[in-house]
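Quick notes on the structure that follows.
The values are calculated or read from the model by the stated rules, or taken from the named source; none is laboratory data. The model shown is predicted, which means the values in this text are computed figures rather than measured ones. Cβ atoms come from the backbone with ideal geometry, glycine included; neighbour counts cover every protein chain shown.
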Amino acid sequence: MTALVPTAVGAAAGWRTAQVVLRAWSVHVHDAGLVPERGPVILAANHTGFLDGPLLMGASPRPIHCVVKKEMFWGPLGWFLRGIGQIPVDRSRMDRTALMKGLATLEAGRVLVLYPEGRRGLGNFADVRPGLAWFALRSGAPVVPVVALGVGARGTAAWQLPALRARLDVVFGPRIMLPPGWSRSAAALSAAGQKLQAALAAHHAAVVKRYSAAGVFGTVASELP
């Protein structure tokens, strides 16, 4: 599956580029140490606005390969996304090519990003699509939940961005491991999906509660360089 693995050099370049671009906002990253320093990992992130992808790319402690809807891969933007190692997916069907590329990325020990809600919305993980459970079961990789706050402050329409210098927070959560030995049956996929959805929703609720109580997160925050 080597030919399916996106470029690591491109992902590293995208990581560095995102960190520069995000200087336009006040980005605070929390608990990034919960992301394993090496080996395969799935980041399961909420989705409230267009900036989610670049924000997580810059906030992640490791370069990422994100599964992105194929509609984004047109013209110069599509060329750029492929160049930085991102993976197009056709959301209207079971896209086997995207599945195999994502799995190959994990087998290569990289970081795969999924937005399991499937589209922009409230970002509370109330509904999680089965792709996340499929990747977790097939790869055995840990799932790390990620919640971004502030991205959808001005709405969820495509291309709508938070005001410049607005505060954006990215909060990583405790890793989730599915019990070893689970089968790949439909029943196991459903059970895994329920377990992951509950853990992601719990992380989101904890983050919102923590933020509401303090107004800001306090000393655990580290501003992006």
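For S26, all conditions in the list (1) more than 23 Å from A98 (Cβ to Cβ); (2) small (G, A, S); (3) modelled with pLDDT under 95; (4) crowded, with 19+ Cβ neighbours inside 10 Å hold save one; what is the number of the exception?
(4)
Tally the residues that are buried (at least 24 other Cβ atoms within 10 Å of the Cβ) and free of Cβ contacts under 8 Å to residues at least 40 places away in the same chain, restricting the search to the stretch 99-153.
1
Might you check whether a residue that is at pLDDT 85 or above and not β-branched (V, I, T) occurs anywhere in the stretch 154-161?
Within the stretch 154-161, the subset at pLDDT 85 or above is none.
Checking the stretch 154-161: not a single residue is at pLDDT 85 or above and not β-branched (V, I, T).
Name the single residue that is nearest to R91 (Cα to Cα) among those in the stretch 122-140 being in a loop (DSSP other than H, G, I, E, B), of a type in the set (A, V, I, L, M, F, W, C) and within 14 Å of the chain's Cα centre (by Cα).
V128
Within the stretch 84-100, restricting attention to residues that are among the aliphatic types (A, V, I, L, M) and in a loop (DSSP other than H, G, I, E, B), which residue is farthest from L4 (Cα to Cα)?
Filtering first and then ranking leaves M94.
Residue-by-condition table, conditions (1) at pLDDT 95 or above; (2) in contact with a strand residue (DSSP E or B) (Cβ under 6 Å, 6 or more places away or on another chain); (3) polar (S, T, N, Q):
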site	(1), (2), (3)
S92	no, no, yes
G109	yes, no, no
V113	yes, yes, no
D127	no, no, no
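Take the residues in the stretch 45-70 that are hydrophobic (A, V, I, L, M, F, W, C) and more than 21 Å from L4 (Cβ to Cβ); name whichever of them is modelled with the lowest pLDDT.
F50
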